[in-house]
Amino acid sequence: MDRTLWWDHDRDRLELIDQTLLPCRYESIAVPDVEALIEAIRVLRVRGAPALGAAGAYGVALAARTAGGDESLAYLAGVRRDAARIRSARPTAVNLAWGVDRALAAIGDARTPDGVRAATLAEAERIADEDAAMCRAIGTHGAALLPDPATVLTHCNAGALACVEWGTALGVVRSAVEAGKKVSVIACETRPLLQGARLSAFELRRDDIPVTVCPDSAAAHLMRSGGIDAVVVGADRICRDAVFNKIGTYAHAIAARYHGIPFYVAAPSSTLDFASRAAEIEIEERGRDEVASSFGVETVPPGVPVRNPAFDATPFALVTAVITERGVYSDPGELFGS
Ligand code: MRU
């Protein structure tokens, strides 16, 4: 299966699928330096928590290639400075900081630029491979939870494009299909950047998995009308009392609980935040234009303020189970040993 991002060993640089071009064009771009990576993260050329974890680690490998200075302390300080900038390119998905920190830790005792380059790239490749394996395991655990046939409602894109490959929420769907179950997906379009309509629908269609797109505001109505067997979403951060995911997820969880529909969260353990509770997490607030200039036309009168939070927090009380590569946790507190 194609990867969402990978290291181009011939040119010694990162390549990634530019997700801003989808669904019209499926093309990769070269990411030769830290500046280009930070831009790609901010405008969502690469996005989705697990993919951001790998991007963060590859970013440290890029920093190790572009940082100046021959003297080892100055060189290492340059790598760390660039790593800190990558780490804070987007605040909510914990995987970005996690990937950066893992690649930095892999430097260990290496002091020469060559040693640091080799160590950081090897760790980034390990993270990418681990992510692919974790998504497969999540898929296997999650697939067993779905009835046959099943209609699954999902939000945003927690598919192959949000990860290195396979996906978390859509990985569950893929694994169920691979196991012979008949699964179809309702993909909520996911205002304002339409990751559901543009990305989830694209990758499911490509894999011949039946998918229908609906406006986010239709989800509760579709749940009430019957025919939705489960809601399965990904996560950007699971802290000690809540799941952070794309804005709109919380509303789907409330509607699912009201209608007695199971609400599953599929995420690798790299998404767990052991240190924080929901109130401490910064929710990324994105620019006005994403809401006010949809499709190149003004849709909000000039001067009217806009709120554009990118994520929301769903309390554990609304989550039927969290599916990780280790298994299914109907009490998410157990993920934190409580
Ligand atoms: O703003 P995005 O597109 O990076 O947000 C991504 C999501 O909210 C996904 O649902 C989440 O990262 C899970 S990805 C497996």
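The values are calculated or read from the model by the stated rules, or taken from the named source; none is laboratory data. Computed from a predicted model, the values in this text were never measured in an experiment. All Cβ positions, even for glycine, are placed from backbone atoms using ideal geometry, and neighbour counts span all protein chains on display. Side chains are part of the model used for accessible areas, which takes the heavy atoms of the whole protein and leaves out ligands, DNA and RNA. Shrake-Rupley method; radii C 1.70, N 1.55, O 1.52, S 1.80 Å.
Can Ala97 be described as in contact with a helix residue (DSSP H, G or I) (Cβ under 6 Å, 6 or more places away or on another chain) and at negative phi? Break it down stepwise before answering.
Values: in contact with a helix residue (DSSP H, G or I) (Cβ under 6 Å, 6 or more places away or on another chain): yes; at negative phi: yes.
Yes; evaluated as a whole, the condition is true for this residue.
Find the residue count for the stretch 279-298, including only residues that are in a loop (DSSP other than H, G, I, E, B) and either exposed (fewer than 14 other Cβ atoms within 10 Å of the Cβ) or not polar (S, T, N, Q) (or both).
Within the stretch 279-298, residues that are in a loop (DSSP other than H, G, I, E, B) and either exposed (fewer than 14 other Cβ atoms within 10 Å of the Cβ) or not polar (S, T, N, Q) (or both) number 9.
Residue check: is Arg81 at pLDDT 95 or above, assigned by TED's automatic domain parsing to the domain that holds Asp12 and farther than 20 Å from Trp6 by Cα? Break it down stepwise before answering.
Values: at pLDDT 95 or above: yes; assigned by TED's automatic domain parsing to the domain that holds Asp12: yes; farther than 20 Å from Trp6 by Cα: yes.
Considered against the rule, which asks whether it is at pLDDT 95 or above, assigned by TED's automatic domain parsing to the domain that holds Asp12 and farther than 20 Å from Trp6 by Cα, Arg81 comes out as yes.
Select, from Gly248, Gly226, Gly327, the only residue that is free of Cβ contacts under 8 Å to residues at least 12 places away in the same chain and at positive phi.
Numbers: Gly248 fails: free of Cβ contacts under 8 Å to residues at least 12 places away in the same chain; Gly327 fails: free of Cβ contacts under 8 Å to residues at least 12 places away in the same chain.
Going through Gly248, Gly226, Gly327 in turn, the sole match is Gly226.
Looking at the stretch 26-56 only, could you name the residues that are over 27 Å from Ala133 (Cβ atoms) and within 16 Å of the ligand (Cβ to nearest atom)?
Ile38, Glu39, Arg42, Val43
Can you name the condition, by its number, that Ala137 falls short on among (1) surrounded by fewer than 24 Cβ atoms within 10 Å (Cβ to Cβ); (2) away from the ligand (no atom under 15 Å from the Cβ); (3) in contact (Cβ under 8 Å) with a residue 60 or more places away in the chain; (4) hydrophobic (A, V, I, L, M, F, W, C)?
With (1) surrounded by fewer than 24 Cβ atoms within 10 Å (Cβ to Cβ); (2) away from the ligand (no atom under 15 Å from the Cβ); (3) in contact (Cβ under 8 Å) with a residue 60 or more places away in the chain; (4) hydrophobic (A, V, I, L, M, F, W, C) applied to Ala137, the lone miss is (2).
Restricted to the stretch 256-275, and to residues that are out of contact with any helix residue (DSSP H, G or I) (no Cβ under 6 Å at 6 or more places or on another chain) and hydroxyl-bearing (Ser, Thr, Tyr), which residue is surrounded by the most Cβ atoms within 10 Å (Cβ to Cβ)?
Per the criteria, the residue is Tyr264.
Anything in the stretch 304-338 that is in a loop (DSSP other than H, G, I, E, B) and either among the acidic types (Asp, Glu) or at pLDDT below 95 (or both)? List them, or say none. Steps first, please.
Here is the first cut: in the stretch 304-338, the ones in a loop (DSSP other than H, G, I, E, B) are 304-308, 310, 319-320, 325-326, 330-331, 337-338.
Glu325, Asp331, Gly337, Ser338 - these are the residues of the stretch 304-338 that are in a loop (DSSP other than H, G, I, E, B) and either among the acidic types (Asp, Glu) or at pLDDT below 95 (or both).
Which of the following residues is within 30 Å of Arg102 (Cβ to Cβ) and not acidic (Asp, Glu): Arg240, Arg257, Arg288?
Details: Arg257 fails: within 30 Å of Arg102 (Cβ to Cβ); Arg288 fails: within 30 Å of Arg102 (Cβ to Cβ).
None of the other options fit; the residue is Arg240.
Report yes if some residue within the stretch 266-276 is over 20 Å from the mean Cα position of the chain (by Cα) and either at pLDDT 95 or above or not in a loop (DSSP other than H, G, I, E, B) (or both); otherwise report no.
Checked against the condition, which is being over 20 Å from the mean Cα position of the chain (by Cα) and either at pLDDT 95 or above or not in a loop (DSSP other than H, G, I, E, B) (or both), the stretch 266-276 yields no hits at all.
Would you point out which residue out of Gly59, Gly53 is modelled with pLDDT of 95 or more and under 23 Å from Ala169 (Cα atoms)? Show your work before the answer.
Working: Gly59 fails: under 23 Å from Ala169 (Cα atoms).
When all the criteria are applied, what remains is Gly53.
For the stretch 109-134, name all the residues that are within 28 Å of Tyr75 (Cα to Cα), in a helix (DSSP H, G or I) and open to solvent by less than 30 Å² (accessible area, probe 1.4 Å).
Correct list: Gly115, Val116, Ala119, Thr120, Leu121, Glu123, Ala124, Ile127, Ala128.
For residues in the stretch 147-161 being among the small types (Gly, Ala, Ser) and touching a Ser or Thr at 6+ places or on another chain (Cβ under 7 Å), which is nearest to the ligand (Cβ to nearest atom)?
Ala158
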